[in-house]
Each structure stands twice: as structure tokens, then as C-alpha cells.
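Report on one structure; see the data block that follows.
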Amino acid sequence: MSDVHDTPSGSGRVVVVEDDPLQAESLAFILRQEGYVVDLASTGAEALIVARSQPAPDTVLLDVALPDLSGVEVARRLRAGSNVPIIMLTARRNEIDKITGLDAGADDYVTKPFSHGELLARIRAQIRRSPTATVAAETSHGVYTVGQLRLDAGMRRVTREEKVIDVSAREFEILRRLAEASGRVVERHQLFTSVWGPAFYGDERALDVYIRMIRKKIEPDPSRPMYLHTVRGVGYRLAEERAADE
């Protein structure tokens, strides 16, 4: 485990979780060349210690395959107490693997082999739109009620029938953007740009993955949405009404 250093101005601290020493040192070298402070962890247990140390990291690069805990489990445990951006690194290309990682709390998913330029761009994008930078501003926003569904922007809490629903920072932002529209349709591009940012460097199909995950959490029957509706070819709307199968 490396020592924690002071973060240089205009840069950030990145935790690299990778059990392959050569791959880890290669990533660390590239990141340090860009001005990032880098801390390495080679196991899931070590990753949890390093990522929870102070100053808090700006991004965690997390390999899926680790010798003790899986990267997915590490992401799940980190997300339980932190909004730190998590980028999963994996050689797996199946959609189910991507969904599993995102569902565990990852913010992005990079498939090996990847270019260093792509990885650096994704790190910069995650740091720019880190949820930790906007929490204070959210406290002045209101409460949105859609039937039995309730979003409290100040508390960043979602409930249905007064039961708290565990949602990620990204899922909350999608729901909040839809709630702000007061039942009107939000176009896919508008929703994607407002949540991921106009400079997003990745696959817009990530929105589809998040919509499915949100429905599993907020809908009594995700196959027949009562709250989160698809307007085919246009976008999505949040309103209480029974819709046809989507």
C-alpha cells in the first residue's frame, strides 16, 4: 500500500486497484505523468482501506478480478458509504457483467484492452461531475411527490409508501431530472446530457441500463411501469399512471 500524499492543485487523487503488478505500475506511471496522486491496492480488502483514507480519492479504478473480494463486491461496499466515482476495469465484454458492475454502484465501465487516452478522458469526466461536488447545492431544492413515490432533493432520499429505496447517486439524479419536469417528457439526449454532462466520453446505452435498474427499485411491477414511463423514440417521463407493457 502506498502512502497517501497531498493532492496537487488542479489534479486529483486516484486509487488504482489491480492485482497484476505490471499493469498496476503502468497505470500509476501514466496517471502520475498527468499530475495525479496515485495510491495502489492489490486486493479487495486493501482497496477498501486505501479508498476510505483521507484525503478522499477523486476516482477509484477498480479491476473486476481480484484475489480475495471481487471488484463488484468492493464497489458495493464502497458505495454504501461514499459517492466517490468508481470506474470498473475488466476484460469481460458481456452486457450482464456491465449491468452487474453498474448495479453495484460503479459509475463507468472500461473494457480491456483500452487506450490510455480513453481512460484519462473518462477519469477527467468522472472528476468533473463527481456527486460530492454538488451535494451542498442540492439542499436548497424541493420535495417531489409522484403518487406514493417521494423524492427529497435536500436529503437525497427516495421513498415509496414511506419505505426508503436505496438508489445510487446517478440513479437519484436521473429521477430528480424527471421529477423536475412535472410529468412532461424528458428527451433521451436532454436527460443523458444533464446527468452525465455534455462532455461525457462513453456509451449512451448506459442510460438504458440505469432506467432498468431504477424500475427494479421503484416499480411494484417493473414489467408494467406505474411511475417511470418510456415514450418510444423520444425519452422518458415520471408520472403515476398505469401504462401498457414497455
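Each value in this text was obtained by applying a stated rule to the coordinates, not by laboratory testing. Every value quoted in this text rests on a predicted model; they were computed, and no experiment measured them. Don't worry about glycine lacking a Cβ; one is built from the backbone with ideal geometry, like all the others, and counts go over all protein chains shown.
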> Using 12 Å as the cut-off for backbone N distance, which residues of region 53-69 belong to the label zone defined by a point 7 Å from the Cα of THR43 along Cα→Cβ?
Replying inline: 67-69
> Considering every pair of different Cα atoms, what Kirkwood radius, in Å, is found for region 13-133?
Replying inline: 14.0 Å
> Can you tell which of PRO220, PRO113, PRO55 shows the greatest fluctuation in a Gaussian network model of the chain with Cα springs below 10 Å?
Replying inline: PRO113
> Where the Cα atoms of region 136-238 are projected onto their three principal axes, how long is each span, largest first, in whole Å?
Replying inline: 36, 35, 23
> Roughly how many debye, to the nearest 20, is the charge dipole of the chain about its Cα centre, given +1 on each Lys and Arg Cβ, -1 on each Asp and Glu Cβ, and no other charges?
Replying inline: 800 debye
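By count of other Cβ within 10 Å, fewest leading, how are THR145, THR90, THR59 ordered?
Exposure proxy ranking, most exposed first: THR145, THR90, THR59.
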>> Using 0.36 nm times the number of residues separating ASN94 and ARG205, minus their current alpha carbon distance, what extension gain do you get?
In response: 38.6 nm
> Relative contact order for the chain using alpha-carbon pairs under 8 Å, separation at least 6, rounded to a whole percent?
Replying inline: 12 percent
>> Quick check on the chain: helices-only [θ] at 222 nm, where DSSP H runs of length 4 and up contribute -39,500 (n - 2.57) each and the sum goes over total residues. Nearest 500, please.
In response: -10500 deg cm²/dmol
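Arranged by the count of other C-beta atoms within 10 angstrom, fewest first, what order do LYS112, LYS163, LYS217, LYS98 take? Numbers along the way, then the final one.
Details: LYS112 12, LYS163 8, LYS217 17, LYS98 20.
Ranked by crowding around the Cβ, least crowded first: LYS163, LYS112, LYS217, LYS98.
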>> When only alpha-carbon atoms are used, what values of Rg and Dmax, in angstrom, describe the chain?
In response: 18.6, 56
> Between ASP166 and GLN148, what length in nm is gained on full extension when 0.36 nm per residue of separation is reduced by their alpha carbon distance?
Replying inline: 4.9 nm
